[in-house]
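First the structure, in the form of structure tokens, and then the observations on it.
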Amino acid sequence: MNRIDKAFADLKGQNKPAFIPFLTIGDPDLRTSIDIIKQLEQSGASMVELGVPYSDPLADGPVIQRSSGRALKNNQISIKDCIEAARQARSEGCELPFILFTYYNPVLQLGLDKIFGLLQESDISGMIIPDLPMEEDAEMRMLAEQHGIHLIPLVAPTSNERIKRIVSRASGFVYCVSSLGVTGTRSQFHSGIDEFLDTVKQSTTLPIAVGFGISTNEQFARFAKVCDGVVVGSALVRQVEDVLPLFEKEATRSQALIQIDQFVRNLIQ
């Protein structure tokens, strides 16, 4: 069974939502990203999105843009590096399902056959490609199915009549975008968010997860009541940004991880 399917099945049996953090891999470096992944698992993450740094991240707000910029400037992190980080984390005992979050161009540059081979070898369970439209994903979807990897779609409140078409092709879970625009923490969400989530639920038997803008315990609890999973990206990436000085010195690395742990526990409990 795909690790994502198993995680959602186990959580359903416990009547718990999935906590799905997003992490920019390579910010500040690969070793630190692996340590953060391991910490996130201990802190209560159900699965983790491994964000591939990209120079033109159209769906991402300033926090994730900055983190991508640091990863690219400091270490020239590539999609292969991100996949290798997953392999290394798995070899060090991580059991979390991994989801590669990448724009399409790095995938195309590496080659579709090559990337799916690497994903399978590194035990990555899913992919999210925000700039790959449904009308152009046939080859990706075929290869994903052949390799047992979920190609997870994004569906937005503005998808309207496309919602049923998008979710009918979904695999793993459906990622529901809570707000219009790019990623980033928010105090308010789309005014029709509850009706939108109901529409998605009525259109699929797969789990649904909601993301974009969720940053507080109150927001997490609000969406945990109506969704199978909650994605937290910018708020976590900002927390990593805040503790970057602590990661620079070996003597204070553990303190940085403790602060990330506290942030996560305060968010989801």
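The values are calculated or read from the model by the stated rules, or taken from the named source; none is laboratory data. Only a predicted model underlies this, so the values are computations on that prediction, with no experimental measurement involved. Cβ: placed from backbone, ideal geometry, glycine included. Neighbour counts: every protein chain shown. Calculation scope for accessible area: heavy atoms of the full protein, side chains included, ligands and nucleic acids excluded. Shrake-Rupley method; radii C 1.70, N 1.55, O 1.52, S 1.80 Å.
Given +1 at the Cβ of Lys and Arg, -1 at the Cβ of Asp and Glu and no other charges, the dipole of the range 132-182 around its Cα centre is 200 debye to the nearest 20. Measuring nothing but protein heavy atoms, the accessible surface of the chain at 1.4 Å probe radius is 48 percent carbon and sulfur. Solvent exposure of the chain amounts to 44 Å² per residue of accessible area, where only protein heavy atoms count and the probe is 1.4 Å.
Here's the list of lysines a cross-link from LYS38 could span, going by alpha-carbon distance under 25 Å and ignoring same-chain residues fewer than 8 apart: LYS6, LYS12, LYS16, LYS73, LYS80, LYS249. Sorting the segments 169-177, 67-75 by their mean number of nearby beta carbons within 10 angstrom, highest to lowest, gives 169-177, 67-75. Scaling the Cα radius of gyration of the chain by the globular reference 2.2 N^0.38 Å produces a ratio of 0.93. Springs between Cα atoms under 10 Å define the GNM used for the chain, and in it the highest mean-square fluctuation of PRO53, PRO207, PRO133 occurs at PRO133. For the options ILE79, ILE258, ILE99, a Gaussian network treatment of the chain with springs between C-alpha atoms closer than 10 Å singles out ILE258 as fluctuating the most. Grab the other residues whose beta carbon is less than 14 angstrom from that of ILE260, score K and R as +1, D and E as -1, and report the net. My count for the surroundings of ILE260 gives -2.
Here the spin labels are modelled as points 7 Å beyond Cα on the Cα-Cβ line, and at ASN160 and ASP131 they lie 2.5 nm apart.
For GLN65, what charge total do you get from the other residues with a beta carbon under 13 Å from its beta carbon, if Lys and Arg give +1 and Asp and Glu give -1? Result for the local shell: 0. Where the alpha-carbon atoms of the range 20-82 are placed on the principal axes, they occupy 31, 23, 18 Å, in descending order.
Modelled this way, with points 7 Å down the Cα-to-C-beta line, the labels at GLN14 and LYS114 are 3.9 nm from one another.
The modelled label-to-label distance for the pair LEU58/GLN262, using points 7 Å beyond Cα in the direction of Cβ, is 4.1 nm. Taking 0.36 nm per residue of separation and subtracting the Cα-Cα distance, full extension of the segment from ARG31 to GLN202 would add 57.4 nm. Label zone of TYR104 (point 7 Å out along Cα→Cβ, amide N under 14 Å): in the range 128-148 this covers 128-142.
For the chain, a crude dipole built from +1 on the beta carbon of Lys and Arg and -1 on the beta carbon of Asp and Glu, taken about the Cα centre, is about 400 debye to the nearest 20. Given PHE220, PHE19, CYS94, which one lies farthest toward the positive end of the charge dipole of the chain, if we put +1 on the Cβ of every Lys and Arg and -1 on the Cβ of every Asp and Glu? In the chain, that residue is PHE220.
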